1. Before we move on, is S211 closer than 23 Å to S152 by Cα, small (G, A, S), near the ligand (Cβ under 10 Å from one of its atoms) and not in a helix (DSSP H, G or I)?
2. Looking at Y226, Y197, can you tell me which residue is farther than 14 Å from M117 by Cα, of a type in the set (F, W, Y), within 15 Å of the ligand (Cβ to nearest atom) and open to solvent by less than 10 Å² (accessible area, probe 1.4 Å)?
3. Hey, among E38, E14, E45, which residue is at pLDDT 95 or above and either among the aromatic types (F, W, Y) or loosely packed, with under 10 Cβ neighbours inside 10 Å (or both)?
4. Exactly one condition in (1) in contact (Cβ under 8 Å) with a residue 12 or more places away in the chain; (2) open to solvent by 30 Å² or more (accessible area, probe 1.4 Å); (3) more than 23 Å from P33 (Cα to Cα); (4) more than 15 Å from the ligand (Cβ to nearest atom) is not met by D249; state its number.
5. Consider the range 252-274. How many of its residues are among the basic types (K, R) and buried (at least 19 other Cβ atoms within 10 Å of the Cβ)?
6. State whether the residues of the range 133-145 include one that is within 23 Å of Y226 (Cβ to Cβ), touching a His at 6+ places or on another chain (Cβ under 8 Å) and either open to solvent by 10 Å² or more (accessible area, probe 1.4 Å) or within 16 Å of the ligand (Cβ to nearest atom) (or both).
7. If you scan the range 302-328, which residues turn out to be free of Cβ contacts under 8 Å to residues at least 60 places away in the same chain, more than 16 Å from the ligand (Cβ to nearest atom) and open to solvent by less than 30 Å² (accessible area, probe 1.4 Å)?
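The values are calculated or read from the model by the stated rules, or taken from the named source; none is laboratory data. Computed from a predicted model, the values in this text were never measured in an experiment. A quick note on method: Cβ atoms are made from the backbone with ideal geometry, for glycine too, and the neighbour counts reach across all protein chains shown. Ligands, DNA and RNA are excluded from the accessible area calculation, which covers all protein heavy atoms including side chains. Shrake-Rupley method; radii C 1.70, N 1.55, O 1.52, S 1.80 Å.
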Amino acid sequence: MYPLRRNRRLRASETIRSMVRETIISPNDFLVPLFVVEGKGVREEIPSMPNYYRYSLDVLHKEVKELWNMGLKSVLLFVKVPEALKDNEGTEALNSNGLMQRAIKTVKNAVPDMLVMTDVALDPYSIYGHDGIIDQGEILNDETVDVLAAMSVSHAEAGADFVAPSDMMDGRILSIREALEDEGFYNTGIMSYSAKYASAFYGPFRDALDSAPVDAKNIPKDKSTYQMDPANRDEALRETEMDIDEGADIVMVKPGLCYLDIVREIRNEVEVPVAVYQVSGEYAMIKAASERGWLDHDAAMMEQLIAIKRAGAHIIASYFAKDVVKLIS
Ligand code: PBG
């Protein structure tokens, strides 16, 4: 009771504040998303993601060396697939010499100890920009899951350490786990996007990969028949528990900032590591506001990342990873 307890004593100087600080951000917290394109010497800035780039494989090689030297030890790979290779079934995703498969090998070649996680979903390969095969306006679940399982095996064959299914089809974790076991990839892990919401904050990412749902007759305009309704909380726990039962090693909540209640709830309930994806729209907002001088870039970035970790994230996928490491080192 006051004055026996004056809380400001523990805030009086940076020395005491740093001693009692509960949440510390370090390079070990981060998973770095990387966008890969065909070509040579390509380093294209993504217009809606300032200071974030798509890399061709030769530039990717240099980039992962730089990340490793900065203390960033895991990457999450995404590919931008040439339009001519897209179809409804994601056929190109299974090409053992496809861009993703070559990207995995490029990273492992550059830095053998770099942890490589891969995005497993059909949208970059789909002519319709959806995460599943479409038949008469419906996103087919089980047919899509078969492709995701084969895609996961293909990534494991190329050398991926973890596959990260981001599609939200039902039952995909079990099918992927079984397919990996059948092929002898018992050490390949699964990071499941377990509570992934149908969010407006994925816009810049879809620019980066040219993967937005197309506007056409009989094609769903958004992903709300498979990604979760932002209004739901209990459902997030149900989705996450099912993924763990089906064999997920790591579970994920996505996006970050709008869903920190979900992060804490899941962290309290489950006993596997929890990842949070601070998505492209969250990145773009801070970049845009700070370019206008309306927010302090570094302070806003750190506050959001600390909030994500404080809410319960063991792992944070973030486009700010390099910015943060430069700032704190
Ligand atoms: C696609 C996928 C998306 C993201 C990661 N994987 C977009 C989507 O679901 O439409 C979004 C990441 C971001 O916005 O940073 N399966």
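1. On the way: closer than 23 Å to S152 by Cα: yes; small (G, A, S): yes; near the ligand (Cβ under 10 Å from one of its atoms): yes; not in a helix (DSSP H, G or I): yes.
In short, yes.
2. Going through Y226, Y197 in turn, just one is farther than 14 Å from M117 by Cα, of a type in the set (F, W, Y), within 15 Å of the ligand (Cβ to nearest atom) and open to solvent by less than 10 Å² (accessible area, probe 1.4 Å): Y197.
3. Just a single option satisfies the conditions, and that option is E14.
4. Only one criterion is unmet by D249, namely (3).
5. Looking only at that region, the number is 1.
6. Initially, the range 133-145 is screened for residues within 23 Å of Y226 (Cβ to Cβ), giving 133-145.
Within this subset, residues satisfying the condition of being touching a His at 6+ places or on another chain (Cβ under 8 Å) are 139.
Keeping just the survivors that are either open to solvent by 10 Å² or more (accessible area, probe 1.4 Å) or within 16 Å of the ligand (Cβ to nearest atom) (or both) gives 139.
Yes, the conditions are met somewhere in the range 133-145.
7. A307, A311, G312
Okay, residues lined up against (1) open to solvent by 30 Å² or more (accessible area, probe 1.4 Å); (2) more than 26 Å from I176 (Cβ to Cβ):
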| residue | (1), (2) |
| --- | --- |
| L57 | yes, no |
| G71 | no, yes |
| S74 | no, no |
| E83 | yes, yes |
| E89 | yes, no |
| S96 | yes, no |
| Q101 | no, no |
| D123 | no, no |
